[in-house]
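Heads up, the thing below is written out as structure tokens.
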Amino acid sequence: MTPSGTLGRAAIALVLLTAAVSRMWDIGTKSLWVDEARALAIALQSPAEIIAWCRGVSSHEPPGRLLLMHAAACIPPNIVFSVRMPSLLAGLALLPLAWALTRRAGGGCAAGTMAVLFVLFSPALLDHSQDARYYTVRLALEMGAAVALLTAWRAPELRRLWILAGLAASLALTISYTSLPSSAAVVLVCSLLAVRPARDPEAPVLRRGAITALVCFAAPLLLWLLPSLRVAARFVGLAPAPPLEPAFERAPRAALRFAPDWDLSLVTSLLHPSAEVALVVALTAVAGAGVVWRRSAHARLLLGLVLGLTATAALGTDMRAFLAPRYVIHLHFLALVLAAVALGTLWESSANPAPRIAAAGLALMICATALPALWRVMTLEKQNWRGAAELIASHFTPGDVIVTGAYWSEKPIQFYLQEPEIARAIFPHVLEEERFRPMVRHRASVWYVGWGEVPPFVRQTLDTEFRLVARLAGTQGDVSVYKKGPLPPGA
């Protein structure tokens, strides 16, 4: 083993250790937040019930994520850690995938190293690696399909890579329909290869591989074809949207945290916590796209299709009214890869120290300016429902009633308050005025716990008859606990 080999292995071990520690930090102790708790409540049902729910109540949600969560929830002893474990493992897998995709896109070793560091220091990817919504699982499958396809395109005799590309693209679509642009790009490339002109000497091998990938892509989706078509029809306006879930039917729409406006804040939310650095990443990624255009025709076609289909979905469908950054998390990953290609090319362009200093300085700035946001992700709660539940449980007395607010507020409360006597006292999202006021008026001791905005009549009652016991801060919204009747000691 040469010194350089030893140093390289030590660097790889250090990066993986840092990634593992940062992604495992408090992953089993942080509170579930409403999105996770809602999904877990569904995932704890049987697989047949999960599939029936996806086909019925939620025709916009494929079953893969909930079935994966169902399997993860069976792993003892800490269910919170278990259901987040797939995201953690997928988040770690993004590091080698960033290296591989950068190299397939025409970048050198320096570019691959920078891509790994950018992924390591990405607050968005760290956040989703600790979240049971499985956006990193979807992203790892999408990028795995892209890497497998680009590799198989160069070595078409490797049939297992074609199989992997098709299966990964298909499974990504069963995790989330937001992976449709990336999966569709893989399908389109394979379709083009399947009809490649026969005069090309590699055409027969490429055709067999592409058809294999298409078959592997279609097989897992056969049982889910019609719901997928319904979703596609809804997004293009050919079918009505499904009804809202009960928790949202009467909720004030202004309280929902919709996507940023179509301005600079959208770029910031997608690329980097700092607006100035986000612009640097965007401009560097554009330069990296130019490098990919010149160096790799294969990556140029695939990544161009991904970007084009994503733009079409974002601008030409209902997504333009609700474009949450997590829906296009693959754009964040690709921007980091393209920025790494540009800076790596600058590093390798000359032995002159000036370009290398510039490339290293920009890379260091991108990583260093993300550190405060990384620390916030690691240490802060998204929504501290566990703290709210512990407060209520420690001061609960027989006869108390617990009323939860809108937006699935009852899901985390029901998860953390499973003691039978307390669980029976929970009344989920009582938002009708004719039910809420009598319930409060005729009881001496009532708890109210929720997040976000509340209807005016609820706010009026809270202001006149309740006292604020605690407001627990969170990055995705504060959880407020109110009490009518005797207050807990020290409140």
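The values are calculated or read from the model by the stated rules, or taken from the named source; none is laboratory data. Everything numeric here is computed off the predicted structure, so don't read it as measured data. Here the Cβ positions follow ideal geometry from the backbone for every residue, glycine too, while neighbour counts run over all protein chains shown.
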Just need a number here: residues in the stretch 347-401 that are surrounded by 16 or more Cβ atoms within 10 Å (Cβ to Cβ) and not hydrophobic (A, V, I, L, M, F, W, C).
-> 12
The listed residue being under 26 Å from Ala19 (Cα atoms), at pLDDT below 90 and under 25 Å from the mean Cα position of the chain (by Cα), out of Ser176, Ser182 = Ser176
Considering only the stretch 446-460, how many residues are in contact with a helix residue (DSSP H, G or I) (Cβ under 8 Å, 6 or more places away or on another chain), over 15 Å from Ile402 (Cα atoms) and not in a loop (DSSP other than H, G, I, E, B)?
-> 1
Single residue of Thr102, Thr113 found to be β-branched (Val, Ile, Thr) and either in contact with a strand residue (DSSP E or B) (Cβ under 9 Å, 6 or more places away or on another chain) or modelled with pLDDT of 95 or more (or both) | Thr102
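How do the helices (runs of 4 or more DSSP H) wholly within the stretch 366-425 filter down when requiring 1 or more residues that are under 18 Å from Val446 (Cβ atoms): which remain?
It comes to 385-395, 410-416, 420-423.
Condition first: among the β-branched types (Val, Ile, Thr) and under 15 Å from Pro486 (Cα atoms). Now tell me which residues in the stretch 465-476 satisfy that.
Scanning the stretch 465-476 gives a single hit, Val469.
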Hey, can you tell me all the residues within the stretch 133-192 that are closer than 15 Å to Leu221 by Cβ and of a type in the set (Phe, Trp, Tyr)?
-> Tyr177
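Based on what the data block shows, is Glu410 farther than 30 Å from Ser22 by Cβ and buried (at least 20 other Cβ atoms within 10 Å of the Cβ)? Step through it out loud before you land on a result.
Numbers: farther than 30 Å from Ser22 by Cβ: yes; buried (at least 20 other Cβ atoms within 10 Å of the Cβ): yes.
Taking the combined requirement at face value, the residue satisfies it.
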Got a sec? Which of Ala110, Ala98, Ala145, Ala132 is buried (at least 24 other Cβ atoms within 10 Å of the Cβ), touching an Asp or Glu at 6+ places or on another chain (Cβ under 6 Å) and not polar (S, T, N, Q)?
-> Ala132
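Do we have any residue at all in the stretch 5-23 that's closer than 22 Å to Ser170 by Cβ, assigned to a helix (DSSP H, G or I) and assigned by TED's automatic domain parsing to the domain that holds Thr345?
No: the stretch 5-23 contains no residue that is closer than 22 Å to Ser170 by Cβ, assigned to a helix (DSSP H, G or I) and assigned by TED's automatic domain parsing to the domain that holds Thr345.
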Quick one: Ala313 ticks every box in (1) within 28 Å of Leu193 (Cα to Cα); (2) modelled with pLDDT of 85 or more; (3) surrounded by fewer than 23 Cβ atoms within 10 Å (Cβ to Cβ) except a single one, so which number is it?
-> (2)
Do we find that Gly399 is among the small types (Gly, Ala, Ser) and under 19 Å from Gly485 (Cα atoms) in this structure?
-> yes
Applying the selection to the stretch 426-445, what residues are touching a residue at least 40 places away in the same chain (Cβ under 8 Å) and either of a type in the set (Gly, Ala, Ser) or assigned to a loop (DSSP other than H, G, I, E, B) (or both)?
-> Pro428, His429, Leu431, Glu432, Arg443, Ala444, Ser445
Within the stretch 445-465, which residues are surrounded by fewer than 21 Cβ atoms within 10 Å (Cβ to Cβ) and modelled with pLDDT of 85 or more?
-> Ser445, Arg459, Gln460, Leu462, Asp463, Thr464, Glu465
